[in-house]
Amino acid sequence: MDTLELIKTFREVARRGSFSMAAEVLDVSKANVSKYVAELETRLGVRLLNRSTRMVSLTDAGQLLLERSQPLVDMIELTRLELQHRAREPSGRLRLTAPQGLGHEQLPELLGGFMARHPQVTVSVDLSNQLVDMVGEGIDLAIRVGRLADPSLIVRKLQRMEFLACASPAYWARRGRPAHPDDLTDHDALTFAVRDNGHEWRFEVEGEPYTVPVRSRVHATDPVPLLPLALQGLGVVYAPRLILQPHLDSGALEGTLAAFSPRDVWLHAAYAQRRHNSAALRALVAYLEERWRQD
């Protein structure tokens, strides 16, 4: 038995002045109560209780332990109650990681709505396109685009990601609008990728994966810095509609080749444990599923 449980047993005997009464409260045998107190005395190397056939009293060392252990027991009990509250009610801090592109508009808007609904939750956000060790970095939830290969993660699909080839109206007027992915080989491409050079764009033609090599004029690790270049008419960017939508709505960018967008690319929410997740994490996953289903 751990030392904390032994101290709790000792405190019950000290409060009741009786091994029998302590055993009744703790729902264990009197012999076990006596055994636990004796084990605690052995560990501490000091006698805590004076015993007689009729009564139990504290030694000077026992009185000291009774007084000094009170804050520890109170802290443990307070922590237990707080943890149980967090298991029931969304509260505490959540650590998230998400692609940089989502951090400009979509994610702040979503988190604002979530935190307004759950005011006891605080959030730390790590915007990165790199895959992270969720357990090692203490990350509660990862929001990622594409396929997640780690079999230890619990993955929830949030939204299918439609990719569009986009450029400014002036660029399309000058260079011509492609009707098939192969037509992009003659265009200036604004490319992005984290782990490779990104000079191939992946489509789907007649239900099969289809790769087109492109000529990259500007390359980045994230699509967001490429959008101002596309707005200036410097090339074509191939990116998720999710981050392109404001510019599509305004007419500053025009998209094409939506019919060739891969159908197996999703925005995912991933977390490391299936059991005993906090109420805050469960609530956030449910909220993201609810909001992205509406879009």
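Taking the criterion of being part of a loop (DSSP other than H, G, I, E, B) and either in contact with a Leu (Cβ under 7 Å, 6 or more places away or on another chain) or within 19 Å of LEU281 (Cα to Cα) (or both), the residues of the stretch 159-173 that qualify are MET161, SER168.
Sub-7 Å Cβ pairs linking a first residue in the stretch 30-45 that is within 10 Å of THR9 (Cβ to Cβ) and assigned by TED's automatic domain parsing to the domain that holds ARG11 to a second residue that is of a type outside the set (Ser, Thr, Tyr) and outside any helix (DSSP H, G or I), at least 6 apart or interchain, are TYR36/MET1; VAL37/LEU48; VAL37/LEU49; LEU40/LEU48, ordered by first then second residue. Hey, among the residues in the stretch 83-104 that are in a helix (DSSP H, G or I) and not charged (D, E, K, R), which one's surrounded by the fewest Cβ atoms within 10 Å (Cβ to Cβ)? The qualifying residue surrounded by the fewest Cβ atoms within 10 Å (Cβ to Cβ) is GLN84.
Each residue in the stretch 105-131 was checked for being loosely packed, with under 14 Cβ neighbours inside 10 Å and either at pLDDT below 90 or of a type outside the set (Gly, Ala, Ser) (or both), and 7 pass. Residue count for the stretch 105-158 under the criterion of being in a loop (DSSP other than H, G, I, E, B), closer than 18 Å to ASN277 by Cβ and either of a type in the set (S, T, N, Q) or not assigned by TED's automatic domain parsing to the domain that holds LEU281 (or both): the result is 2. Just so you know, in the stretch 134-172 the residues that are among the aliphatic types (A, V, I, L, M) and touching a Gly at 6+ places or on another chain (Cβ under 9 Å) include one that is surrounded by the fewest Cβ atoms within 10 Å (Cβ to Cβ), and it is ALA170.
The values are calculated or read from the model by the stated rules, or taken from the named source; none is laboratory data. The model shown is predicted, which means the values in this text are computed figures rather than measured ones. Methodologically, a virtual Cβ is constructed for each residue, glycine included, from the backbone with ideal geometry; neighbour enumeration extends over all protein chains shown.
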